[in-house]
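Enquirer: Below are the structure tokens for one structure; questions will follow.
The values are calculated or read from the model by the stated rules, or taken from the named source; none is laboratory data. On a predicted model such as this, the values are computed, not experimentally measured, just so you know. Positions of Cβ are generated from backbone atoms using ideal geometry, with glycine treated the same way; all protein chains shown enter the neighbour counts.
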Amino acid sequence: MMAKEQGQIVVLNGVPRSGKTSIARVIQETFPDVWMNLGVDFHIKCTPPAFRPGVGLRPQTPEWARATPGRVGLEVLEEHVPLLYAALYESVAAHARLGLNVVMDVGHHDAYSKPRSILPDCARRLSGLPVLFIGVRCPVEVIWARREATWSQVRGELDEGVVGSVELSQHAVHSHGKYDLEVDTSVLSPEACAGLIRQRLEEGPPGTCFAEIRGA
């Protein structure tokens, strides 16, 4: 099978447990053609343990919450985050330029110790490629219910720093305010969300948010 001239890119942006991975799985299993899944989970697995979570670093993560022996400190890790994102997006661009479709799950924010402008830089790295930027939303109450069911994390039993990091990310991840399409996984199944994405890809209009974000 010959690859297309350019592959389509779908960027799923949302907080952990918002349902991005489930949507990506449905896209891979049901959309026509080849869809590569390159996102946070993929990239973290490729990253040396000392530098994890890398692109998954959340706002105001307490140092002690990452106190696994051998890990670099938050200050060092944060300095590497822009480079790790750049490498991830360059990989996505390479796949798409070879004609492979890509779905990626991320949690973009700029709530670091200082502004890093990572999202505009990532958008520039996909310049000239078709990108659909999807906001994956989910109320924080549902996020906490999922965290408890999956990771046994009960909100009232966690340190205030961890709770604050989780809840700040709800706002920080969507603070840029620009999406081509938004879905709410508290009311829509992964299949329904994927269906809306497929409809947008087939019927248009093409995504424009990344062009706006990079200032094109």
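Enquirer: Kindly check whether there is at least one residue in region 130-142 that is buried (at least 19 other Cβ atoms within 10 Å of the Cβ), touching a residue at least 40 places away in the same chain (Cβ under 8 Å), part of a helix (DSSP H, G or I) and within 18 Å of the chain's Cα centre (by Cα).
Expert: no
Enquirer: Just give me the residues in region 162-216 being touching a residue at least 40 places away in the same chain (Cβ under 8 Å), surrounded by fewer than 18 Cβ atoms within 10 Å (Cβ to Cβ), among the hydrophobic types (A, V, I, L, M, F, W, C) and part of a loop (DSSP other than H, G, I, E, B), in sequence order.
Expert: ALA216 - this is the single residue of region 162-216 that is touching a residue at least 40 places away in the same chain (Cβ under 8 Å), surrounded by fewer than 18 Cβ atoms within 10 Å (Cβ to Cβ), among the hydrophobic types (A, V, I, L, M, F, W, C) and part of a loop (DSSP other than H, G, I, E, B).
Enquirer: Another question, if that's okay. Could you give me the residue pairs with C-beta distances under 8 Å whose first residue belongs to region 75-93 and is within 20 Å of TYR112 (Cα to Cα), whose second residue is modelled with pLDDT under 95 and aromatic (Phe, Trp, Tyr) wherever it lies, and which are 6+ apart or on separate chains?
Expert: LEU77/PHE51; GLU78/TYR112; HIS80/PHE51; VAL81/TYR112; LEU84/PHE51
Enquirer: So, LEU158, is that one modelled with pLDDT of 95 or more and buried (at least 16 other Cβ atoms within 10 Å of the Cβ) or not?
Expert: Numbers: modelled with pLDDT of 95 or more: no; buried (at least 16 other Cβ atoms within 10 Å of the Cβ): yes.
Criteria not met by LEU158.
Enquirer: Having 2 or more residues that are modelled with pLDDT of 95 or more and over 20 Å from ARG146 (Cβ atoms) is the bar; report the helices (runs of 4 or more DSSP H) wholly within region 1-100 that clear it. Write out each step before concluding.
Expert: Values: elements: 20-30, 40-46, 74-97.
Here the list reads 20-30, 74-97.
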